[in-house]
1. Looking at (1) hydrophobic (A, V, I, L, M, F, W, C); (2) buried (at least 16 other Cβ atoms within 10 Å of the Cβ); (3) within 30 Å of Ile83 (Cα to Cα), which one does Met201 not meet, given that it meets all the others?
2. Looking only at the range 204-235, count every residue that is among the hydroxyl-bearing types (Ser, Thr, Tyr) and either under 14 Å from His61 (Cα atoms) or in contact with a helix residue (DSSP H, G or I) (Cβ under 6 Å, 6 or more places away or on another chain) (or both) and tell me the total.
3. What helices (runs of 4 or more DSSP H), lying completely within the range 80-159, carry at least 3 residues that are among the β-branched types (Val, Ile, Thr) and either modelled with pLDDT under 90 or out of contact with any Phe, Trp or Tyr (no Cβ under 6 Å at 6 or more places or on another chain) (or both)?
4. Residues in the range 62-118 that are of a type in the set (Lys, Arg) and surrounded by 13 or more Cβ atoms within 10 Å (Cβ to Cβ): how many?
5. Could you list, ordered by first residue, the pairs with Cβ atoms under 6 Å in which the first is in the range 175-187 and within 13 Å of Val87 (Cβ to Cβ) and assigned by TED's automatic domain parsing to the domain that holds Val85 and the second is of a type in the set (Val, Ile, Thr) and surrounded by fewer than 22 Cβ atoms within 10 Å (Cβ to Cβ), at least 6 apart or interchain?
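The values are calculated or read from the model by the stated rules, or taken from the named source; none is laboratory data. Note that this is a predicted model, so its numbers are computed, not measured. Here Cβ is always computed from backbone atoms with ideal geometry, including for glycine, and neighbour counts include all displayed protein chains.
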Amino acid sequence: MRARSGIATVVLIGALPIALIVGVWHVLAATGMAPPSLLPAPSAVAARLVQQWSSPAYLEHAASTLLRLFAGFGIAVIAGIAIGVAVTASRWVGATVTPLVRVLAPVPKIALYPAFILTLGFGDASKIALVVADAVFPILLATAQGTAAVEPKLAWSAQAAGASRWRCLLTVVLPAALPSVLTGCRIGLVISCIVVFLAEMITSTDGLGHLLVRAARSFQTVDMFVPLITISLLGLLLNAGFNAVRRRLLAGFPETTE
């Protein structure tokens, strides 16, 4: 009972800033301090949001965005965890990968997008590649840090029982580093939501980012807010779903705080 009441309190506290922003937005629109051509009323945006969510065409655009997001995030998870484990397992891999990560991680990956377009085209591949390039680094770094911090005695015990080095890494070290790995994946998921939307805004013929740019070009401000709110809500739902999976996976760990 206390846990439920604590969750309700957290949700209520988190909803207060959003309610405040919507309230200020309503006041600005109702008093005319911001013209409707620049800032439409929240009620108009909400009505258009409901209308668009019942439109098959709009849902197809949202599905295109989610397809790119999940494809890019999935590849980033596989690559980030694999490379992160390899960095811990092999001194040579660590010596090779670490300098590359230090050089490439701070680079704004959006600067690589023209190169992705030239090599992969204007379709889904270039957008997925941009998502991978941005999301892989936090997952890789979190995996490498988490596996390196695992108590060496766990690995020694497994190897003493006859497990090979790689089997020990996959069955002992990686599960022990799961909290750190999942933290990196959570950061990568948030980054993926941002990057896929940005890529669609730059060059795309479908997706939520494309809808926002198309509405902006025709000065349809109400339609500009709809994809923006949609991607925000999708990010919120994805984060909630990921946290539910995370809590289940970390049920046996002493600390499962978010």
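1. Unmet for Met201, out of (1) hydrophobic (A, V, I, L, M, F, W, C); (2) buried (at least 16 other Cβ atoms within 10 Å of the Cβ); (3) within 30 Å of Ile83 (Cα to Cα): (3).
2. Here is the first cut: in the range 204-235, the ones among the hydroxyl-bearing types (Ser, Thr, Tyr) are 204-205, 218, 221, 230, 232.
Next, only the ones that are either under 14 Å from His61 (Cα atoms) or in contact with a helix residue (DSSP H, G or I) (Cβ under 6 Å, 6 or more places away or on another chain) (or both) stay: 204-205, 230.
Residues meeting the conditions: 3.
3. 91-104, 124-148
4. Counting residues in the range 62-118 that are of a type in the set (Lys, Arg) and surrounded by 13 or more Cβ atoms within 10 Å (Cβ to Cβ) gives 2.
5. Ala177/Val150
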